[in-house]
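The values are calculated or read from the model by the stated rules, or taken from the named source; none is laboratory data. Please read these numbers as outputs of a predicted model, since none were measured by experiment. Glycine gets a Cβ as well: all are built from the backbone with ideal geometry, and neighbour counts include every protein chain shown.
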Amino acid sequence: MNTTQVTAALYQLQQLDLEIDRLAAEKQSVANSLQGSPTLRRLRTEHKTAQQQQVAGEQSQKEAEWTLDEYNQRLAAQERRLYSGSIVNAKELQALQQETQTLRAQQSRQEERLLEVIDIVEALTEATRHKEVALKEADEQWKQEYVVLQARQSQIEGQWQELQTKRQEITADLDATLLKRYDTMRRSMQGRAVSKVEQNSCQWCRVILTPSEMQQVRISVKLQTCSNCGRILYYER
Ligand SMILES: [Zn+2]
């Protein structure tokens, strides 16, 4: 291999490596996405919370109903006593009437309380239903996304193998020391160790090459680097 062929191979390798980098990033992103949908996780939590609030509301409603029942029963008993005619003592009768009145007021307040609780439970039930619908939709959407992601994952795997094979083919002909230099440069130079020379300038940093530098690049006896950015110069013929 002459220097021109070497720089051409390095440039080709770089194009391939950039593609591999892009694919690696996508591979990682797909793997992350396959871990689960954050939206779905959030909706699950929200649905669960709504359910718990609904259950707590229903419990309060039951308790309010029991309390009201108790008032109703006590009131019915009082009234039975009151109208049975068994109480003849005026003082006792007055006391019983007073008690009945108090109990009626309590019963009425409890009825109001129960209505309020029923309203709250209705709102909570509606909220749970909304969350359930949102959750179902998100779940459906996630299932579809998952299929697409899995398909993409196996596609990436195939492309990955292909690129690795191509890479091996290119690197097999290149000198190990040069490859090491290329890899090191790529790491410290934003993935670009090689820069094309176009219109007498380094394509990466746009510095214009001097006539003698252009001459060197053209005759290509040994590897030339850009005097400004330090990248290996590749002159396409
Ligand atoms: Zn440069």
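Remarks
- Any hit, the range 19-41, residues being in contact (Cβ under 8 Å) with a residue 40 or more places away in the chain, assigned by TED's automatic domain parsing to the domain that holds K143, farther than 30 Å from Q159 by Cα and out of contact with any helix residue (DSSP H, G or I) (no Cβ under 6 Å at 6 or more places or on another chain): no
- Subset of the range 186-216 (residues that are away from the ligand (no atom under 12 Å from the Cβ), β-branched (V, I, T) and within 23 Å of M1 (Cα to Cα)): none
- Qualifying residue in the range 79-99 (condition: outside the structural domain of L10 (by TED's automatic domain parsing) and touching an Asp or Glu at 6+ places or on another chain (Cβ under 8 Å)): no
- Evaluation of T100 against the conditions (1) closer than 30 Å to E145 by Cβ; (2) touching a helix residue (DSSP H, G or I) at 6+ places or on another chain (Cβ under 7 Å) shows that the sole unmet condition is (1).
- Residue selected from the range 185-210 under the condition within 35 Å of the chain's Cα centre (by Cα) and not aliphatic (A, V, I, L, M), by the criterion surrounded by the most Cβ atoms within 10 Å (Cβ to Cβ): R186
- Figure legend. Inter-residue proximity from the range 214-231: first residues without any contact (Cβ under 8 Å) to a residue 60 or more places away in the chain and assigned to a loop (DSSP other than H, G, I, E, B), second residues more than 13 Å from the ligand (Cβ to nearest atom) and of a type outside the set (A, V, I, L, M), beta-carbon distance below 8 Å, spacing 6+ or different chains. Indicated pairs: Q224/Q216.
- Residue in the range 168-185 that is modelled with pLDDT of 95 or more, within 16 Å of the ligand (Cβ to nearest atom), in the same structural domain as L10 (by TED's automatic domain parsing) and under 23 Å from T4 (Cβ atoms) present: yes
- Tally, over the range 217-235, of residues that are out of contact with any strand residue (DSSP E or B) (no Cβ under 8 Å at 6 or more places or on another chain) and away from the ligand (no atom under 13 Å from the Cβ): 5
- Tallying residues that are within 19 Å of N72 (Cβ to Cβ), surrounded by 14 or more Cβ atoms within 10 Å (Cβ to Cβ) and among the aliphatic types (A, V, I, L, M) within the range 82-117 yields 5.
- Test: residue in the range 162-175 that is out of contact with any Ser or Thr (no Cβ under 8 Å at 6 or more places or on another chain), hydrophobic (A, V, I, L, M, F, W, C), surrounded by 12 or more Cβ atoms within 10 Å (Cβ to Cβ) and within 25 Å of K27 (Cα to Cα): yes
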